[in-house]
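Heads up: the structure comes next, in structure tokens.
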Amino acid sequence: MFTINENFLRLNENYLFTTVAEKIKQFSSEHPDANIIRLGIGDVTLPLPPAVIKALHKAVDEMAVKETFRGYGPERGYDFLLEKIAENDYRAHGIDISTDEIFVSDGAKSDTGNIVDILGENNMVGITDPVYPVYLDSNIMRIKERSITNSKIVFLPCHPENNFLPEIPKKRVDVIYLCYPNNPTGTVMKREELKRWVIYALENKSLILFDAAYEAYVTEDDVPHSIFEIEGAKSCAIEFRSYSKNAGFTGLRCSYTVVPKELKTKASNGTYVSLNQLWLRRQSTKFNGTAYIIQRAAEAVYSPEGKEEVKGLVNYYLENAKTIREGLQEKGWTVYGGVNSPYIWLKCPDTNDSWQFFDRLLNERHIVGTPGVGFGPSGEGYFRLTAFNSHEKTREAIERIKKWEI
Ligand code: MLT
């Protein structure tokens, strides 16, 4: 009889947002008239920017003509997009990243999940708690059971007492996942703090996997947009970026990952190996690239109109974040995040059981959020709301909560 990867049996039965979706489905079928407001999964609701739509139409038309039709694309992505990324997201900010350090992909979720393919199984992996579930689950999927029981994963608790910033671990970690602005807590890591982690990684020859999917929401000057703003980071970090939360690509799918050429580690045979080469090898084997039309759409994000339109989208969601943050504060609830982030993290006002709060909020106010414990044990007693709905629905949700006798 064939066997399976039994690591999958050690995962929660469902991915967090699958469980949430099932609960909403069941509630809707039992209460078909309920006007549910969704502030759960971090999915955008505004349409794509006009500059992106125009680029998509043009690219589709090119695909209809023999002379301009495109088949498989270059492994790292088309030069027209790589050049725009290097110029606008890095060089314009004084960071020297070359096009052969960038890999265009179909989502930060894919890349943060797949990166484990090029890393060793015996790494001690540091994961913040609470955390975007993909980092933990993708490690559980491949680390041998014995390794997990031998504590190959070190959880770094994040709570109000440490400003939701992981403390430098006492036990050495080889790989550390950092996501800032943070999902789920909506909090940030300022430049000085990130510098401490880069120094730690350089001193310990560790690797930082830096998820910057929410960098467009940074509003404060001392909060870095990229880990490569920190000196030395090119020798110890990989950065993941996405077009989902800024340009609304959650349904279109495009992202990129930066693997600097300076990033090397010693293999067991004593030779130094470039992670850029390994990731290229991995991607060219298992991935055939992001569609041409989608890469053209991403390119349009960097046009003058595209930049303005994206700024408009981000500001729209940031206004919702403010509505939620201030509304809940007026109600007397304890809230975090929502300043440099589309996520608001709140202390459940009535219970330490975040699923119980989820059920009450859904049943009594018809509002969907995400229970903190779904992001890890330190999330218990907390709850996440997103700013990705419309102004009208966000305001209505806050009005419903304000009138709630809880
Ligand atoms: C979330 O709600 O945490 C996000 O939608 C997750 C994601 O971007 O995959």
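Output yes when any residue across the range 209-221 is away from the ligand (no atom under 16 Å from the Cβ), free of Cβ contacts under 8 Å to residues at least 40 places away in the same chain and outside the structural domain of residue 373 (by TED's automatic domain parsing), and no when none is.
Initially, the range 209-221 is screened for residues away from the ligand (no atom under 16 Å from the Cβ), giving 218-221.
Still in the list and also free of Cβ contacts under 8 Å to residues at least 40 places away in the same chain: 221.
Imposing the further condition that a residue be outside the structural domain of residue 373 (by TED's automatic domain parsing) reduces the set to 221.
Within the range 209-221 (the criterion being away from the ligand (no atom under 16 Å from the Cβ), free of Cβ contacts under 8 Å to residues at least 40 places away in the same chain and outside the structural domain of residue 373 (by TED's automatic domain parsing)), the answer is yes, since at least one residue qualifies.
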Q) Regarding residue 300, is this residue crowded, with 24+ Cβ neighbours inside 10 Å, under 27 Å from residue 105 (Cα atoms), away from the ligand (no atom under 16 Å from the Cβ) and not hydroxyl-bearing (Ser, Thr, Tyr)? A) yes
(Q) With the requirement that a residue be surrounded by fewer than 22 Cβ atoms within 10 Å (Cβ to Cβ) and touching a Ser or Thr at 6+ places or on another chain (Cβ under 6 Å), what does the range 345-363 give you? (A) 347
Q: Please work out which residue is nearest to the ligand (Cβ to nearest atom), limiting yourself to the range 94-130 and to residues that are of a type in the set (Val, Ile, Thr) and touching a strand residue (DSSP E or B) at 6+ places or on another chain (Cβ under 7 Å).
A: 112
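Residues 52, 60: which one is modelled with pLDDT of 95 or more, within 23 Å of the chain's Cα centre (by Cα) and not hydroxyl-bearing (Ser, Thr, Tyr)? Show your work before the answer.
Details: 60 fails: within 23 Å of the chain's Cα centre (by Cα).
After ruling out the rest, the residue left standing is 52.
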Q: Give me a count of the residues in the range 334-393 that are small (Gly, Ala, Ser), closer than 22 Å to residue 135 by Cα and out of contact with any Leu (no Cβ under 7 Å at 6 or more places or on another chain).
A: 8
(Q) Looking only at the range 325-351, how many residues end up being within 19 Å of the chain's Cα centre (by Cα) and farther than 20 Å from residue 396 by Cα? (A) 5
**Q.** Pairs, first under 14 Å from residue 297 (Cβ atoms) in the range 59-72, second in a loop (DSSP other than H, G, I, E, B) and among the polar types (S, T, N, Q), C-beta under 6 Å, six or more apart
**A.** 62/68
Q) Do any residues in the range 111-132 that are assigned by TED's automatic domain parsing to the domain that holds residue 156 have Cβ atoms under 9 Å from those of residues that are within 15 Å of the ligand (Cβ to nearest atom) and of a type in the set (Asp, Glu), where the two are at least six apart or on different chains, and which pairs are they? A) 112/211; 113/137; 132/211
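Looking only at the range 63-105, count every residue that is outside any helix (DSSP H, G or I) and of a type in the set (D, E, K, R) and tell me the total.
Of the residues in the range 63-105, the ones outside any helix (DSSP H, G or I) are 64-78, 94-98, 102-105.
From what's left, of a type in the set (D, E, K, R): 66-67, 70, 75-76, 96.
So the count comes out to 6.
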**Q.** Hits in the range 1-39 - residues which are of a type in the set (Ser, Thr, Tyr) and under 25 Å from residue 386 (Cα atoms)
**A.** 15, 18, 19, 28, 29
Q. Which is crowded, with 22+ Cβ neighbours inside 10 Å and either closer than 24 Å to residue 185 by Cα or not aliphatic (A, V, I, L, M) (or both), of 317, 292?
A. 317
**Q.** Residue identified as assigned to a helix (DSSP H, G or I) and more than 19 Å from residue 256 (Cα to Cα) among 52, 60
**A.** 60
Q: Scan the range 22-63 residue by residue and report those that are within 16 Å of the ligand (Cβ to nearest atom) and not acidic (Asp, Glu).
A: 23, 24, 37, 38, 39, 40, 41, 42, 44, 45, 46
**Q.** Every residue from the range 1-28 that is closer than 16 Å to residue 134 by Cβ and polar (S, T, N, Q)
**A.** 7, 12, 14, 18, 19
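For residue 285, indicate whether it is over 30 Å from residue 337 (Cα atoms), buried (at least 16 other Cβ atoms within 10 Å of the Cβ) and among the hydroxyl-bearing types (Ser, Thr, Tyr). Write out each step before concluding.
Numbers: over 30 Å from residue 337 (Cα atoms): yes; buried (at least 16 other Cβ atoms within 10 Å of the Cβ): no; among the hydroxyl-bearing types (Ser, Thr, Tyr): yes.
No; evaluated as a whole, the condition is false for this residue.
The values are calculated or read from the model by the stated rules, or taken from the named source; none is laboratory data. Model, not experiment: these values are computed from the prediction. Quick reminder, even Gly has a Cβ in these numbers, built from the backbone with ideal geometry, and neighbours come from all protein chains shown.
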